[in-house]
1. Quick check: anything in the range 88-98 touching a residue at least 24 places away in the same chain (Cβ under 8 Å), under 17 Å from Glu12 (Cβ atoms), touching a strand residue (DSSP E or B) at 6+ places or on another chain (Cβ under 8 Å) and aliphatic (A, V, I, L, M)?
2. Only one of these is open to solvent by 20 Å² or more (accessible area, probe 1.4 Å) and within 11 Å of the chain's Cα centre (by Cα): Arg8, Arg19. Name it.
3. Pick from the range 28-49 the residues that are open to solvent by 60 Å² or more (accessible area, probe 1.4 Å) and farther than 20 Å from Tyr122 by Cβ: which of them is nearest to the chain's Cα centre (by Cα)?
4. When only residues in the range 101-117 that are touching a residue at least 12 places away in the same chain (Cβ under 8 Å) and assigned to a helix (DSSP H, G or I) count, which is farthest from Glu21 (Cα to Cα)?
5. Can you name every residue in the range 78-100 that is crowded, with 16+ Cβ neighbours inside 10 Å and assigned to a loop (DSSP other than H, G, I, E, B)?
6. Only one of Val52, Val25 is more than 22 Å from Lys127 (Cα to Cα), of a type in the set (Val, Ile, Thr) and without any contact (Cβ under 8 Å) to a residue 60 or more places away in the chain. Can you tell me which?
Amino acid sequence: MSAPEELRYTEEHEWVATRGEDTLVRVGITEYAQDQLGDVVFVDLPDVGRQVSAGDVFGEVESTKSVSELFAPVDGEVVAVNDAVADSPELINSDPYGEGWLIEIRLDDPAGLDALLEAEAYDALTKG
């Protein structure tokens, strides 16, 4: 299971995709993370308008195996949450890079993306 090349990643297994403009990103958890979690049964997401800083906990994912915190990959403002995932958490298992996205963040500084892992480095992390 290779990480999609066009995304950036955190060591905590979140992915980040730029959305049309360089100050808007979509965030989710990786295929590796959802596989480790097992069947996702509940997701707690932040309110729109919340400011987050890279490394801050912004929510939780609960599975049949455990509860895991979600960490903000960048600094910015939450401008959208995926209500479909709140209603149907299993979307994270079935489509982690598509319909299973979690939040969108308007970046305080696009340079924050430079601190994230590229796909090759993330793949090395998960295979190591």
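The values are calculated or read from the model by the stated rules, or taken from the named source; none is laboratory data. Computed from a predicted structure; not experimentally measured. Here Cβ is always computed from backbone atoms with ideal geometry, including for glycine, and neighbour counts include all displayed protein chains. Surface areas here come from the heavy atoms of the whole protein model, side chains and all, with no ligands, DNA or RNA. Shrake-Rupley method; radii C 1.70, N 1.55, O 1.52, S 1.80 Å.
1. Yes.
2. Working: Arg19 fails: within 11 Å of the chain's Cα centre (by Cα).
One residue alone meets the criteria, Arg8.
3. It comes out as Asp44.
4. The qualifying residue farthest from Glu21 (Cα to Cα) is Ala115.
5. Answer for the range 78-100, where residues must be crowded, with 16+ Cβ neighbours inside 10 Å and assigned to a loop (DSSP other than H, G, I, E, B): Asn82, Pro89, Pro96, Tyr97, Gly100.
6. Numbers: Val25 fails: without any contact (Cβ under 8 Å) to a residue 60 or more places away in the chain.
Of Val52, Val25, the one residue that is more than 22 Å from Lys127 (Cα to Cα), of a type in the set (Val, Ile, Thr) and without any contact (Cβ under 8 Å) to a residue 60 or more places away in the chain is Val52.
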